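First the structure, in the form of structure tokens, and then the observations on it.
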Amino acid sequence: MADIVTPTLAHMGYELVRVAILGRDRPTVQIMAERSDGAPFGIADCEEISRVLGTVLDVHDPMPGAWMLEVSSPGIDRPLTRVRDWNRFAGHRARVELAFPVDGRKRVSGIVLGADAEHARLRLDEGGEMLLRLADIRRAKLVLTDALIAATAATTPSPEPPSPEPHSTRPN
């Protein structure tokens with residue numbers, strides 16, 4: 001799915017943060033994106049991406065049957081899915097769930113110290129550092145703190161009035 005949507009998003013001036021497919025009978029394709037230029041991401045961005053990717057996915061028809069499309073921004077307490085995210089949010093708190101236990105633990109939390117192509121580094125809450133293989137991270141997410149709010153305040157869009165209809169969900 002990422003291979004299908006990434007080129008179109010890039011052409012539109014967006015970057016894919018995460019794609020997830022949830023549910024069985026009528027799955028929801030969740031696309032999480034952000035603007036490539038770092039500008040605030042708002043409802044109009046969700047609407048544009050939903051409209052364009054809905055058409056692209058209709059043409060590629062990657063899943064049998066009916067499905068829903070949901071487009072969103074990563075938000076402040078965003079997932080850490082790319083090396084770039086780990087480096088951009090170094091110094092902020094995160095929670096990590098691993099696919100396999102490391103030192104007997106599948107869940108760890110602490111301060112993000114950055115990443116390279118293979119590993120992310122975390123200063124653990126209980127002390128010490130942990131080197132985490134990116135391939136072994138099931139999910140990682142920033143923790144909402146006052147410091148994170150302050151750091152992202154300049155890039156957070158102004159609230160827009162809600163749409164009368166769900167704008168980020170598209171039936172197929």
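The values are calculated or read from the model by the stated rules, or taken from the named source; none is laboratory data. Remember, it's a predicted structure, so these values are computed and weren't measured experimentally. Glycine gets a Cβ as well: all are built from the backbone with ideal geometry, and neighbour counts include every protein chain shown.
Remarks
- With respect to the conditions (1) modelled with pLDDT of 95 or more; (2) over 18 Å from the mean Cα position of the chain (by Cα), Val143 falls short on a single one, namely (2).
- Output for region 100-113, where each listed residue is more than 21 Å from Leu16 (Cβ to Cβ) and in contact with a helix residue (DSSP H, G or I) (Cβ under 8 Å, 6 or more places away or on another chain): Phe100, Val102
- Of all residues in region 35-58, those satisfying the criterion of being acidic (Asp, Glu) and modelled with pLDDT of 95 or more are Asp45, Glu47, Glu48.
- Residue within region 82-99 that is loosely packed, with under 15 Cβ neighbours inside 10 Å and under 15 Å from Arg139 (Cβ atoms) present: yes
- Strands (runs of 3 or more DSSP E) (entirely within region 1-84) containing at least 2 residues that are under 25 Å from Ala117 (Cβ atoms): 14-22, 28-35
- Residues being surrounded by 13 or more Cβ atoms within 10 Å (Cβ to Cβ) and more than 18 Å from Arg84 (Cα to Cα) - total across region 1-30: 11
- Residues being in a strand (DSSP E or B) and either within 11 Å of Trp86 (Cβ to Cβ) or in contact with a His (Cβ under 9 Å, 6 or more places away or on another chain) (or both) - total across region 99-149: 15
- All conditions but one from (1) over 30 Å from Met12 (Cα atoms); (2) in contact with a strand residue (DSSP E or B) (Cβ under 9 Å, 6 or more places away or on another chain) apply to Trp86; the one that does not is (1).
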